[in-house]
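S.K.: Once you've had a glance at the structure underneath, I'll fire off some questions.
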Amino acid sequence: QVQLVESGGGLVQAGGSLRLSCAASGSAFSFNAMGWYRQAPGKQRELVVRISSSGSTNYADSVKGRFTISGDNAKNTVYLQMNSLKPEDTAVYYCYANRYLDTYWGQGTQVTVSS
């Protein structure tokens, strides 16, 4: 019933920027929280950032000060502005949306940062 469509990944040089988007469809209700996880080669999946319906945010220490999340509750859409990108940011980024006990996932978008 719920589908998340994300976009905005690509290949950039170290120090560059990208903006990811994630839009939810198929739901008649706002989500409790949305955000991104990422999976880097040889590493465990980690939470990058999340934003609640009230606007509160939580960032991983590794991206704090470089990444900024914003949201539109009415459209169930979130955006991730990624600045000062580093090679260690290279990963597949998966957006997610949570409502009560249910969690939904986007298809993933690849972010590659060259050194």
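The values are calculated or read from the model by the stated rules, or taken from the named source; none is laboratory data. Since the structure is predicted, the reported quantities are computational estimates derived from the model, not experimental observations. Heads up: the accessible areas ignore ligands, DNA and RNA and are worked out on the full protein's heavy atoms, side chains in. Shrake-Rupley method; radii C 1.70, N 1.55, O 1.52, S 1.80 Å.
S.K.: Roughly how many percent of the accessible protein surface of the chain is carbon and sulfur, given a 1.4 Å probe and a whole-percent answer?
M.R.: Exposed carbon and sulfur together represent 47 percent of the surface.
S.K.: Also, I was wondering about something else. Quick one: Cα centre-to-centre distance for the range 1-54 and the range 70-115, in angstrom?
M.R.: 2 Å
S.K.: Normalised by the number of residues in the chain, what is the relative contact order in percent for Cα pairs under 8 Å and 6+ residues apart?
M.R.: Computed value for the chain: 36 percent relative contact order.
S.K.: In Å², and per residue, what accessible area does the range 1-47 have when probed at 1.4 Å with the other protein chains present?
M.R.: Ligands and nucleic acids excluded, the figure is 59 Å² per residue.
S.K.: Let me ask something else. Expressed as a rounded percentage, what relative contact order does the range 49-102 have, with Cα pairs under 8 Å and six or more residues apart?
M.R.: Relative contact order of the range 49-102: 23 percent.
S.K.: Cut-off 10 angstrom, C-alpha nodes, Gaussian network model of the chain. Which of ALA23, ALA91, ALA74 fluctuates the most?
M.R.: Of the options given, ALA74 has the highest mean-square fluctuation.
S.K.: Where the convex hull is taken over the Cα atoms of the chain, what is its projected area averaged over directions, in nm²?
M.R.: 6.7 nm²
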